[in-house]
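Novice: Have a look at the structure that comes next, please.
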Amino acid sequence: MNGGSSAHLPPLLPGGLPFLGHAFDFWNRPIELLQSGQRRFGSIWSLVLAGQRATVLTGPEGNEAFFRAPDDVLSARECYQFTIPVFGPGVAYDVAPAEMDRQLAFVHPALTERRLRRYVEIMVEETNQYLASWGDSGERDLFSSTQDITLFIATRCLLGEEVRRHCSSQFAELYHDLDGGMSILAYFFPHAPLPAFRRRDRAREAVSTLLSGIMTARRQAGDTTHEDFLDTLMAYRDERNAPLPDHVIVGLLLTLIFAGQHTSAALAAWTGILLHQHPQYLAPVREELKRELDGAGVTYESLKRLVRLERAMKEGERLRPPLVMLMRAVLQPLRVNGYELPAGSLAVASPAVSHRLPTLYSEPDRFDPDRFAPGREEDRRASYALIGFGGGKHRCLGMVFAYQQIKIIWTSILRRYDVELVEATYRPDYRTLVVGPRQPCRIRYKRRPS
Ligand code: HEM
């Protein structure tokens, strides 16, 4: 810890172990810890994580400082180094922030309205194909199911139909091994000689070989008809008409899959759980589906008209944000509300804590999708009130894609089945980087009369 006169340092949460500080609670019961600090000190305060000061910034003022700070003041890169062995060298957090911004901009043509229309067809097809295996009735783990569906959708929309058709289960296994390398341990020791990290590195090689083979085949066939992210990245040309190197294409695709798949699966599961825990909001969603889709079917336009389902998802994002904390390294001292965050420390924003502030949301612990309805729009009471997809220049690039697929998943399930919750409670699992419902997280379903 360094920098700044101690008079200006944010208040420090007492307690904690020698050196480890509050690290144990931070990993085990993070939201309880952050909420207790918020109640005690308000929107700016610090704790100690393994010898390092981390300042928690919440509420509109704290979030504004967090999301508006330039990259040379608050930097994500230092905090996400554990992703480099998975995403690969020369992309994302392995390069300077300006270069990462440039690389992410290559992806924009894959997210145009024309493309999103195409993804509607793919998402519907993948979801229906998956649900065909559910039969007329049964019991499933909801989070496992949304994980499967979102992985099929991501494989097809990002990597292309060759991987999805011919090596989907091989890719799923490799993805699983890469995932095993994204742990808290990797945060501290990304290259420790552990079996999980060896599997991660082997899987990274194999994914690279797999995708290079597909790119070579597409180039040899002169095939540019695939409307997927791979096609977009292969078509990119810089100002000297040079294409992107294959390793950058592979790295960016992995970055996108990891940013979008678990997060979408978690929010999809939470949306369904919350709706079924609150049948008074499920009934209008069902009526809306009947009204808007029975004639038109699931199209880009009809999905946009599902405003009640959309508000339920937004309320899911508020109450159960898949990323409960976002981290930055403080590279230069940052002044917030008369306090100074010293260089060398960490800054933490927390969607999970900010979304429950009674100053922003009335009865913040209550599931009430109508808080986003015209006339109330509680998320507009302040800037950075709803930050489940981040904010500022690093705000999520895949939000529209994510919302679209979650809408399609629930549209498809609800039109086919009546669903009941099986577990007595559905609690967040804070042991993972993306916070979904703790498993088992079963639902029971039965086909609706047609
Ligand atoms: C429910 C699903 C999703 C949630 C909750 C979510 C959430 C977030 C959040 C909170 C951030 C900001 C991270 C930070 O500031 O440290 C972010 C960034 C990002 N997301 Fe998402 N995301 C989701 C889906 C997706 C999808 C589907 C994609 C890609 C297709 C995607 C791609 C990205 C990328 C590339 C960034 C980094 C942007 C940057 O640093 O400039 N996300 N996401």
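Novice: How many angstrom separate the Cα center of segment 259-301 from the Cα center of segment 98-126?
Specialist: 22
Novice: Next up: Work from the charge dipole of the chain (Cβ charges, +1 for Lys and Arg, -1 for Asp and Glu, about the Cα centre) and give the residue of 203, 280, 153 farthest towards its positive end.
Specialist: Selected residue: 280.
Novice: Right, here's the next one. Looking only at trypsin sites (Lys or Arg not before Pro) in DSSP loops with at most 15 other Cβ atoms within 10 Å, what is the longest site-free stretch of the chain?
Specialist: 1-236
Novice: Is the C-alpha gyration tensor of segment 14-59 telling us rounded, prolate or oblate? Criteria: a/c under 1.5 is rounded; beyond that, a/b larger than b/c is prolate, otherwise oblate.
Specialist: prolate
Novice: Let me ask something else. Taking H as built 1.01 Å from N, whose amide H comes closer than 5 Å to the amide H of residue 442, not counting residues under 5 places away?
Specialist: 142, 422, 423
Novice: On the accessible surface of the chain, probed at 1.4 Å, how many percent belong to carbon and sulfur atoms?
Specialist: Taking all protein chains in place, the chain shows 53 percent carbon and sulfur surface.
Novice: Equivalent-ellipsoid semi-axes (√(5λ), Cα gyration tensor) for segment 42-140, whole Å, largest first?
Specialist: Largest first, segment 42-140 gives 37, 22, 17 Å.
Novice: Enumerate the amide H contacts of residue 336 below 5 Å, restricted to partners 5 or more residues apart or on another chain; note that Pro and chain-start residues carry no placed amide H.
Specialist: Those lying under 5 Å, H to H, from residue 336 are 341.
Novice: Per residue and in Å³, how big is the convex hull formed by the alpha-carbon atoms of segment 280-349?
Specialist: For segment 280-349, the hull spanned by Cα atoms encloses 140 Å³ per residue.
Novice: Looking only at 46, 133, 144, which one moves most when the chain is put into a Gaussian network model with springs between Cα atoms under 10 Å?
Specialist: 133
Novice: Let me ask something else. What FRET efficiency comes out for the pair residue 226/residue 380, r = Cβ-Cβ distance, R0 = 60 Å, nearest 0.05?
Specialist: That gives a FRET efficiency of 0.95.
Novice: Could I ask something else about it? At what distance in nm do the modelled label points of residue 238 and residue 40 sit from each other, each positioned 7 Å from its Cα along Cα→Cβ?
Specialist: Modelled inter-label distance: 5.0 nm.
Novice: Let me ask another. From the backbone phi of segment 321-327, what are the Karplus-calculated ³J(HN,Hα) couplings (6.51 cos²θ - 1.76 cosθ + 1.60, θ = phi - 60°) in whole Hz, Gly and Pro given as x?
Specialist: x, x, 9, 7, 9, 10, 10
Novice: Please list, ordered by chain and number, the residues whose modelled amide H lies under 5 Å from the amide H of residue 12; skip anything fewer than 5 residues away on the same chain.
Specialist: Those lying under 5 Å, H to H, from residue 12 are 46.
Novice: May I pose another question? Just for the chain, what percent of DSSP beta bridges are antiparallel, to the closest 5?
Specialist: If I count the DSSP bridges inside the chain, around 85 percent turn out antiparallel.
Novice: Could I ask something else about it? Using a 1.4 angstrom probe, figure out how much accessible area the chain has per residue, in square angstrom, rounded to the nearest whole.
Specialist: Result: 44 Å² per residue.
Novice: Leaving ligands, DNA and RNA out of it, work out the accessible area of residue 336 with a 1.4 Å probe and give it in Å² to the nearest 10.
Specialist: Number for this one is 10 Å².
Novice: Shifting gears a bit: Straight distance only, please: which lysines reach the Cα of residue 314 with their own Cα at less than 23 Å, same-chain residues fewer than 8 apart left out?
Specialist: Cross-link targets: 290, 304, 393, 407.
Novice: Give me the one-decimal Kirkwood hydrodynamic radius in Å for segment 110-190, with the sum taken over alpha-carbon pairs.
Specialist: 14.5
Novice: Also, quick follow-up: Considering Cα pairs under 8 angstrom that are at least six residues apart, work out the relative contact order of segment 15-138 and quote it in whole percent.
Specialist: RCO, segment 15-138: 13 percent.
Novice: Placing one identical point scatterer on every Cα of the chain and ignoring solvent, what is log10 I(q)/I(0) from the Debye formula at q = 0.07, 0.09 Å⁻¹?
Specialist: -0.36, -0.61
Novice: At 1.4 Å probe size, put 176, 262, 22 in order of accessible surface, largest to smallest.
Specialist: The most accessible residue leads, giving 176, 262, 22.
Novice: Ok, one more. Under unit Cβ charges (Lys, Arg +1; Asp, Glu -1), what dipole magnitude, rounded to 20 debye, does segment 280-347 have relative to its Cα centre?
Specialist: For this selection, approximately 80 debye.
The values are calculated or read from the model by the stated rules, or taken from the named source; none is laboratory data. Note that the structure is predicted; figures quoted are calculated from it, not measured. Note that we place each Cβ from the backbone using ideal geometry, even for glycine, and neighbour counts take in every protein chain shown. Protein only, heavy atoms only, side chains kept; ligands, DNA and RNA dropped before computing areas. Shrake-Rupley method; radii C 1.70, N 1.55, O 1.52, S 1.80 Å.
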